[in-house]
1. I'd like the Karplus ³J(HN,Hα) series for segment 160-173: coefficients 6.51, -1.76, 1.60, θ = phi - 60°, whole numbers in Hz, and an x wherever there's a Gly or Pro.
2. Between the helical axis of 51-64 and the dominant principal axis of the chain, each derived from Cα atoms, what acute angle in degrees is found, rounded to the nearest 10?
3. Could you list which residues have their amide H under 5 Å from that of PHE111, counting only those 5 or more apart in sequence or on another chain, with H placed in the peptide plane?
4. Please work out how much length the chain gains when fully extended from ALA74 to PHE111, using 0.36 nm per residue of separation minus the C-alpha to C-alpha distance, in nm with one decimal.
5. If packing is taken as the average number of other Cβ atoms within 10 Å across a peptide's residues, how do 162-174, 38-50 rank, most packed first?
6. Quick one: with all protein chains in place, what share of the accessible area of segment 65-191 is carbon or sulfur, to the nearest percent (1.4 Å probe)?
7. Please list, in order along segment 96-108, the HN-Hα scalar couplings obtained from phi with the Karplus expression 6.51 cos²θ - 1.76 cosθ + 1.60 (θ = phi - 60°), rounded to whole Hz, x for Gly and Pro.
8. Mean separation of Cα pairs under 8 Å and 6+ residues apart, divided by the residue count of segment 62-208: what relative contact order is that in percent?
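The values are calculated or read from the model by the stated rules, or taken from the named source; none is laboratory data. These numbers were taken from a predicted model, which means no experiment stands behind them. Neighbour counts run over all protein chains shown; Cβ positions are idealised from the backbone, glycine included. Heads up: the accessible areas ignore ligands, DNA and RNA and are worked out on the full protein's heavy atoms, side chains in. Shrake-Rupley method; radii C 1.70, N 1.55, O 1.52, S 1.80 Å.
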Amino acid sequence: MSDELISKKDLLLVTGISYGQLYRWKRKNLIPEEWFIRKSAYTGQETFFPRAEILERVAKIQSLKDTVSLDELAAMFSPGATHHTFESSGSAIANMISPTALNLYLEETGFSESTFNFDQMLGIYLLETLLKSGDIGLDEGRMVVGCLKGIMEGLSGRNTMLLITRKLGVSTVLFLPVTEEVLVDDASKIVVKIALPKIAQELKEKVL
């Protein structure tokens, strides 16, 4: 089984949560339905989860559940956009986004309005995160924005991951379902693999 997945049995063992807690959180929409992946195993059909995403989500729930209600957590984790808007010259953008990321986004999209909606801000915040990490350069940033333009509407509602690979100095940018297993050849390197719901959650925590 791929190291990118973790079985339900191992998840309960590693995190210390109970079967009941897991499925209560599922009913409360704290854990997406699509993260429950049914696969054949030697014992029969078993449930698996995307390892990195589920472990991070459980840790976040455990750290906040005593101070924030489950309904409030559900709103935070919800993949949908909020009605929050951002002034392009406002303090929220100035505090979160570098001029380099903002200008690159504006140049590549041709956006000229003074206000961004949540989906647009999510695209800018994703770009800022990637550039700040040093994992990509400006040319790859332009490729990311170019791909984003086609899926920007409803971006925050997509259970999608960004994958950037390099092979012989040539980069490829892809947006794939979070639950998709990714295999690359020996000559390729996965440079970036990041889930959009994770970035949307980070942004919501900063502004909501």
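1. Karplus values, whole Hz, x for Gly and Pro: 10, 10, 8, 10, 10, 10, 10, 9, 6, x, 9, 9, 10, 10.
2. Orientation of helix 51-64: about 90 degrees from the principal axis.
3. none
4. Separation in residues times 0.36 nm, less the Cα-Cα distance, equals 10.2 nm.
5. In descending order of packing, they fall as 162-174, 38-50.
6. 50
7. 10, 10, 6, x, 4, 5, 5, 5, 4, 4, 5, 5, 6
8. It rounds to 25 percent for segment 62-208.
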